[in-house]
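Student: Here's a structure for you.
Bear in mind these aren't lab numbers, they're just calculated from the coordinates by the rules spelled out. For clarity, every value in this text was computed on a predicted model and none was experimentally measured. Don't worry about glycine lacking a Cβ; one is built from the backbone with ideal geometry, like all the others, and counts go over all protein chains shown.
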Amino acid sequence: MKTRIMLYVSDVAKLTQFWEKTLGAKVVERVQLPEKHFANVLAVDESTELALFSNAFVQKYSPEVADNRPSLMFLVSDLDAAHARIKGATPIVDDAGTRAFGFPDPDGHYFAMGERARNF
């Protein structure tokens, strides 16, 4: 099963670059939308995708979901390397037995990154 997470952002191109740099995500699809809007779909890994839609598009065409804010934790095998490359990351802490930290994207959405368990 593949999971697609939809994020509503101020600038699709800018946030695409952020996720490419932060998670090593790759654009796998560009969706052309009405009125010159577009969305980018990025593969984070083999089972997770981020679909970035502009706030302006969502507010016009789907205002009922415009204020949705997900709470997401990305799991990585090298937490220390991820922490070192993300500006604005909080200190690494023990989160119920998982080493983890938080970080904002350029729009101020807040995410968490945790260390993938060795048995996965």
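Yes or no, residue by residue, for (1) surrounded by 14 or more Cβ atoms within 10 Å (Cβ to Cβ); (2) over 19 Å from ASP107 (Cα atoms); (3) out of contact with any strand residue (DSSP E or B) (no Cβ under 7 Å at 6 or more places or on another chain):
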position	(1), (2), (3)
ARG4	no, yes, no
LEU7	yes, no, no
LEU15	yes, no, no
THR22	yes, no, yes
VAL28	no, yes, no
PHE38	yes, no, no
THR48	yes, yes, no
ALA51	yes, no, no
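Student: A further question on this structure: With the condition kept exactly as written, say whether any residue in segment 71-79 is out of contact with any Ser or Thr (no Cβ under 6 Å at 6 or more places or on another chain) and part of a helix (DSSP H, G or I).
Tutor: Yes, segment 71-79 contains at least one residue that is out of contact with any Ser or Thr (no Cβ under 6 Å at 6 or more places or on another chain) and part of a helix (DSSP H, G or I).
Student: All but one of (1) over 12 Å from the mean Cα position of the chain (by Cα); (2) under 24 Å from LYS21 (Cβ atoms); (3) surrounded by 13 or more Cβ atoms within 10 Å (Cβ to Cβ) hold for LEU72; which doesn't?
Tutor: Going through (1) over 12 Å from the mean Cα position of the chain (by Cα); (2) under 24 Å from LYS21 (Cβ atoms); (3) surrounded by 13 or more Cβ atoms within 10 Å (Cβ to Cβ) one by one, LEU72 breaks only (1).
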